[in-house]
1. Just to be sure before I move on: is Ile169 more than 19 Å from Glu80 (Cα to Cα) and at pLDDT below 85 in the structure I sent?
2. Which of the residues spanning region 108-121 are buried (at least 16 other Cβ atoms within 10 Å of the Cβ) and among the charged types (D, E, K, R)?
3. Which residues, taken from region 329-343, are under 13 Å from Asp435 (Cβ atoms), surrounded by fewer than 24 Cβ atoms within 10 Å (Cβ to Cβ) and within 23 Å of the chain's Cα centre (by Cα)?
4. So which helices (runs of 4 or more DSSP H) are wholly in region 291-395 and hold at least 3 residues that are over 16 Å from Leu450 (Cα atoms) and out of contact with any Asp or Glu (no Cβ under 7 Å at 6 or more places or on another chain)?
5. Residue pairs, Cβ under 6 Å, 6 or more apart or interchain, first in region 297-318 and not assigned by TED's automatic domain parsing to the domain that holds Met391, second part of a helix (DSSP H, G or I). List them.
6. Is region 47-65 home to any residue that is among the hydrophobic types (A, V, I, L, M, F, W, C) and in contact with a His (Cβ under 7 Å, 6 or more places away or on another chain)?
7. Mind telling me which of the residues Leu92, Leu105, Leu65 ends up being buried (at least 17 other Cβ atoms within 10 Å of the Cβ), closer than 22 Å to Ala148 by Cα and of a type in the set (A, V, I, L, M)?
8. Just the residues that are farther than 24 Å from Ala343 by Cβ and β-branched (Val, Ile, Thr), please, taken from region 214-256.
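The values are calculated or read from the model by the stated rules, or taken from the named source; none is laboratory data. The structure displayed is predicted, hence computed values, not measured ones. Glycine also receives a Cβ, built like all others from the backbone with ideal geometry; neighbour counts cover every protein chain displayed.
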Amino acid sequence: MAVDEVQKPDAQDDGYALDASLHDSVVEAIEARDTDRIAEVFAPLHPADIADLLEQLSHGERGALLLVWSEGIDGEVLSELEDGVREDVIDLLPAPVLAEAVRDLESDDVVDLLESLEDDQRASILGILDAADRAAVQDALTYPEDSAGRLMQREVVRVPEFWSVGETIDYLRAQTTELPDQFYHVILVDPRMKPMGNVSLGRLLSAQRHVALKDIVEDAFMTIPADQPEAEVAYAFNQYHLISAPVVNGDGRLVGVITIDDAMIVLEAGVGEGSLSDRVFETTKQRLPWLFVNLITAILASMVIAQFEDTIAQFVALAVLMPIVASMGGNAGTQSLTVAVRAIATKDLTGSNLTRVVLREAGVGLVNGLIFAVVMGVVGVAWFGSPALGMVIAAAMVINLVIAGLAGILVPVALDRLSIDPALASGAFVTTVTDVVGFFAFLALAAAVLL
């Protein structure tokens with residue numbers, strides 16, 4: 001479909017989003033079992049928008065919809081669905097519709113689909129595929145999870161490195177059924193099937209027929225080992241502005257290709273695995289471990305406070321001002337943490353610049369701390385009439401904001417080196433540091449100065 005033919009939903013301030021009335025129309029049509037109305041609503045929609053609508057429906061509504069109307073669910077819609085919803089849809093689709101949908105998919109999309117399914121569903125899908133496609137998918141599944149071998153598609157366009165532009169164009173025109181639905185490069189290979197270069201379709205179509213392919217290869221060419229972690233693949237695409245890249249096995253032979261759309265999905269997967277379509281048990285399982293960590297950190301902070309019960313009892317104002325110190329530290333730590341996690345993901349934060357970044361964050365924390373120390377010092381004097389209390393909270397503010405800046409950088413770096421996802425785990429630990437340090441600094445200073 002041409003770009004100007006794609007039917008987009010109404011534009012919102014934050015970009016394109018499905019109109020709520022569209023969802024309501026689908027629900028009304030489902031309740032009325034009005035298949036003509038359902039088909040009318042779905043007909044102009046892009047597969048990604050159909051997937052969005054299916055995800056917005058409840059489990060029961062989705063089942064009722066697919067019971068009366070399933071012919072619009074094709075391979076593209078399946079590939080756009082979130083994992084939990086996709087499992088539901090696969091269970092509900094009639095076997096012929098599912099078979100046709102799966103046959104529409106490229107091999108990498110089939111592998112992605114199978115990875116999220118239970119064994120019985122996986123066996124059912126594999127049984128639908130032709131023998132050659134089944135063998136290719138099963139081979140891809142032998143590669144480690146989250147590796148380039150799982151991410152790649154087996155459908156590649158390759159030609160001998162000594163061919164000319166004319167020979168290549170004639171070959172492509174003759175391949176009426178063998179070409180991938182989308183591809184960006186022709187891969188040049190030597191007699192041992194080792195990739196030697198990429199020729200973009202733009203260069204191919206703009207060159208004269210007699211021109212040798214090796215004379216128009218792209219400068220930006222790199223191969224990706226099939227066992228390379230997909231996070232490193234995504235980084236390479238982002239760093240070197242790749243559109244597609246050949247994947248090679250241990251012998252350096254071509255086994256597949258990764259395209260930019262698949263690489264970008266890895267980058268977008270960044271923060272956790274949860275989605276709005278996950279069920280209660282799945283969401284609980286994802287969040288429970290970190291809530292438990294949070295509980296432990298809250299207990300630690302409470303234990304710190306308990307050590308200064310007598311001080312708090314004598315100066316009730318401390319109980320009023322304590323949350324301010326901890327809250328400011330938590331926010332400062334989160335700001336530093338956000339920068340660090342993004343920099344780790346893009347490999348901008350490395351061992352070579354870690355010291356400089358840590359010193360910068362400590363400096364930022366110090367400057368911010370001094371500014372807010374003045375503010376809170378004035379508040380302490382004006383609110384409670386105690387210059388000593390103003391000095392205590394001012395000093396505690398400086399200490400906690402400096403520590404927050406350091407924790408926001410050092411905690412995610414440490415977790416990353418322990419192979420723990422810093423985007424998921426850092427928040428709880430940074431909050432622990434800022435709460436414990438904030439409470440201890442404030443109350444210890446108060447005990448020393450005010451008693």
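1. The answer is no for Ile169.
2. So the first thing to find is which residues in region 108-121 are buried (at least 16 other Cβ atoms within 10 Å of the Cβ), and the list is 108-114, 117, 121.
Across region 108-121, the qualifying residues are Asp108, Asp109, Asp112.
3. Correct list: Thr334 only.
4. Details: elements: 309-314, 317-345, 354-384.
Ranges flagged: 317-345, 354-384.
5. none
6. Going through region 47-65, the residues among the hydrophobic types (A, V, I, L, M, F, W, C) turn out to be 48, 50-51, 53-54, 57, 64-65.
Still in the list and also in contact with a His (Cβ under 7 Å, 6 or more places away or on another chain): 53.
For region 47-65, residues among the hydrophobic types (A, V, I, L, M, F, W, C) and in contact with a His (Cβ under 7 Å, 6 or more places away or on another chain): present.
7. Working: Leu92 fails: closer than 22 Å to Ala148 by Cα; Leu65 fails: closer than 22 Å to Ala148 by Cα.
It is Leu105.
8. Ile216, Val217, Thr223, Ile243, Val247, Val248, Val255 - these are the residues of region 214-256 that are farther than 24 Å from Ala343 by Cβ and β-branched (Val, Ile, Thr).
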